[in-house]
Amino acid sequence: MARRQTFWLHLLFLACWTSVGEAEYMKYKDPKQSINVRIKDLMDRMTLAEKIGQMTQIERKVASAQVMKDYFIGSLLSGGGSVPGPQASASDWVNMVNELQKGSLSTRLGIPMIYGIDAIHGHNNVYKATIFPHNIGLGATRDPALVKRIGEATALEVRATGIPYVFAPCIAVCRDPRWGRCYESYSEDHNIVQEMTEIIPGLQGDVPANYHKGVPYISGKVKVAACAKHFVGDGGTHNGINENNTIVNRDGLLSIHMPAYYNSIMKGVATVMVSYSSWNGVKMHANHDLVTGYLKNTLHFRGFVITDWQGIDRITSPPGANYTYSVQAGINAGIDMVMVPYDYSEYINALTSLVNKHVIPMSRIDDAVRRILRVKFTMGLFENPLADLSLVDQLGKKEHRELAREAVRKSLVLLKNGKSRNDSFLPLPKKAAKILVAGSHADNLGYQCGGWTIEWQGASGNITVGTTILGAIKTTVDHSTEVVYSENPDEKFVKDNGFSYAIVVVGEPPYTETAGDNLNLTLPDPGPSTIRTVCGAIKCVVIIISGRPVVIEPYVHLMDALIAAWLPGSEGQGVTDVLFGDYGFTGKLSRTWFKSVDQLPMNVGDMHYDPLFPFGFGLTTGPTTARLSTSSPASAAAAAAAAADVRKEAYWVVSLFLSLSMAWVSTYLL
């Protein structure tokens, strides 16, 4: 009897061991299997609830490890300003992401979530991160290799905080500077935007030689999944109104707003975000023809398509008026992941109901999940779901700040240099008795960085680590030079203090998205009065800190020199590098600088093109080490040489512009 019991116990153990052995080998967990095999194996095991969970992205504020487990949530994000705590360290971020990831890994299938964040100009939500110039400035550099290096540095800083996915780059072609997101666009010219998609291999890595077009590619643990946005036509809305209607025929849409997506997909971009805007009255979030028909079928994009923040809700007007319809329209249009971001149970219940009622076919759900899993498998998220602390020293790294400084100096556009052809004002001498620095933006790091910095809308003051323009001036000038700062001095103060010259730094306050829409584009007060007071009394250079061209024509005649510095970010030394002649000015306008808003929209190639400064304009100066004092003969010689260079450059730019304009007109008339 005992022998028979032992036999059956051994048989039962063998059966259990065999069963466990078979259960332990799951193809989707085996990195030696092809990605397609892993995807199929995993999807064959998934329930509808698990699949819909993968299509759900929620904000970290409503997430917990238990929520991740109970709802099978596929993705998390930090919205603008959403952080683990004030001035959170890289370690704080890593620990937060990992705790939430553990909830996902505790589910039946252990599918890791993917955490996303806006990295618009560096890792901009994070304290102490390197803040690079906004895209409008990078477009002025005309340097795709520089932008690729910025992508590499950004990827390292994002990975330092345990995050593997960024909602960047913005490849909008801004056709009207009244749009509040124009600074997120590299240029009004799609050719420049196409060139700047080099940031994608910077973020994700270079695609291999045997790469298949359209397949997402992320090369390893120091790279991140990128997101080309906002598909498509977001930069062409009527009067530059955010989230509005882009009125253009199909040829115009495909020739102006679509080309950068071709480049992005060729470079293996992992995800594409849909635009809030409409195309000829049809909401992009509900546009099956473009999202599925063109992006997925014609361009063969095989990554996943994600909504913008509450993008599904905004299909209807007012937003959320018929949420079930919005879910139906969006998912059937071809959206794969929904940035909910808060009421995830409403979204999950609505989508589940629509699938069970066969309003949304199961094939559409499977397509979405297959795309999401492809990105997760490609980036190695199943093998390395948890971040470690090995990269925390990359955040705000010295080499990255030097790179940002280089980007700043290459982005600056010199619009005026001297009040006459023979009178060059820049570069400034480092040695002078006393100089005045004035203006609201001279000593304000938050203003210098602009929107999407620490907070969604940006903020004023010392909001992160960096160097203001005033701080950079003080460390650049000769030790004997007295630097006096007065934000908005009166005329008597300016005239009575014996200043050798003045540096005036004024511009726009920070803004983001709709809050930045502006129909008049006037220089905000007290900028104009500061310019009049200072430049009307002594020699001055004016530096404009702005996310776009603004109305400056009424004041240009008062200035000895004028610089468009855009939104340079955290490294103010890049401004003084060229201001004082250690490097020359090389930047070229990536946008047309208008005379009056009545001319807008006005872009290069338009028939009635009459700008204050044309697209591509930018005076140059050479670096100089000779100009150390206002009275030295060497200084005078250097100034004369610089003036000659400026005249040659101005003549070349204007001649080229006129030639191109005449050629365009001739072609048009013929």
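Just so you know, all these numbers are worked out from the coordinates, no wet-lab data involved. Every value quoted in this text rests on a predicted model; they were computed, and no experiment measured them. Reconstructed Cβ throughout: ideal geometry from the backbone, glycine too, with neighbour counts over all protein chains shown.
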Please list, in order, the residues from region 584-600 whose amide nitrogen is less than 17 Å from a point placed 7 Å along the Cα→Cβ vector of His238.
600
What percentages, rounded to whole numbers, describe P(r) for region 160-205 computed over all alpha carbon pairs with 5 Å bin width beginning at zero?
5, 21, 24, 20, 15, 9, 6, 1
Contour excess over end-to-end distance, with Cα ends at Asn462 and Lys474 and 0.36 nm allotted per residue
2.6 nm
Could you list log10 I(q)/I(0) for region 47-394 at q = 0.07, 0.08, 0.13 Å⁻¹, which the Debye formula gives when each Cα is one point scatterer?
-0.25, -0.34, -0.95
For region 47-57, 3J(HN,Hα) per residue [Karplus equation, 6.51 cos²θ - 1.76 cosθ + 1.60, θ = phi - 60°, Hz, x = Gly/Pro]:
7, 4, 4, 5, 5, 5, x, 5, 8, 10, 10
Lysines within cross-link reach of Lys410: Cα-Cα under 18 Å, excluding same-chain residues under 8 positions apart?
Lys148, Lys588
Among the listed pairs Lys213/Lys376; Lys229/Lys267; Lys102/Lys296, those beyond 22 Å (Cα-Cα):
Lys102/Lys296
Let me have the 222 nm mean residue ellipticity of the chain computed from DSSP H runs of 4+ only, each contributing -39500 (n - 2.57), with the sum over all residues rounded to the nearest 500.
-11000 deg cm²/dmol
Residues in region 300-337 reached by a label modelled at Asn349 [backbone nitrogen below 14 Å; 7 Å Cα→Cβ]:
323-324
Of the options Gly240, Phe425, Asn135, report the single residue whose Cα projects farthest towards the positive end of the charge dipole of the chain (beta-carbon charges: Lys, Arg +1; Asp, Glu -1).
Asn135
Applying a 10 Å radius around every beta-carbon, put 606-618, 564-576, 290-302, 107-119 in order of their mean neighbour count, most first.
564-576, 107-119, 290-302, 606-618
Relative contact order, percent, of region 137-207 when contacts are C-alpha pairs under 8 Å separated by at least 6 residues?
49
Val222 versus Glu399: modelled label distance in nm, points set 7 Å from Cα along the beta carbon direction
0.7
Which listed residue (Val340, Leu105, Phe304) has the Cα farthest towards the positive end of the charge dipole for the chain, taking +1 on Lys and Arg C-beta and -1 on Asp and Glu C-beta about the Cα centre?
Leu105
Given the C-alpha centroids of region 283-302 and region 434-512, what is the distance between them in whole angstrom?
46
Listed by chain and number, the aspartates and glutamates with an alpha carbon less than 14 angstrom from that of Lys32, same-chain partners under 8 positions apart left out, are Asp41, Glu383
Using +1 on the beta carbon of Lys and Arg, -1 on that of Asp and Glu, and nothing else charged, what's the dipole of the chain about the Cα centre, debye to 20?
1440
For region 47-394, what is the relative contact order in percent, using Cα pairs closer than 8 Å and at least 6 residues apart in sequence?
19
The Cα extents of region 45-137 along the principal axes, largest first and rounded to whole Å, are 48, 27, 18
Could you tell me the calculated FRET efficiency between Asp490 and Ala145, based on Cβ-Cβ distance and R0 = 56 angstrom, to the nearest 0.05?
0.75
In bins 20 Å wide, starting from 0, what share of all Cα pairs of the chain does each bin hold, as a percent?
18, 48, 25, 7, 2, 0
If I require 27 Å or longer along the helix axis, counting alpha carbons, and a Kyte-Doolittle average no lower than -1.0, what helices from the chain are left? Use full DSSP H segments.
2-24, 633-669
Take the alpha carbon atoms of region 214-247, find their center, do the same for region 353-402, and report the distance between the two centers in whole angstrom.
17
The chain: relative contact order from alpha carbon pairs under 8 Å, six or more residues apart, as a whole percent, is 15
What is the gain in length, in nm to one decimal, between Lys434 and Asp206 on full extension, counting 0.36 nm per residue of separation less the C-alpha to C-alpha distance?
77.0 nm
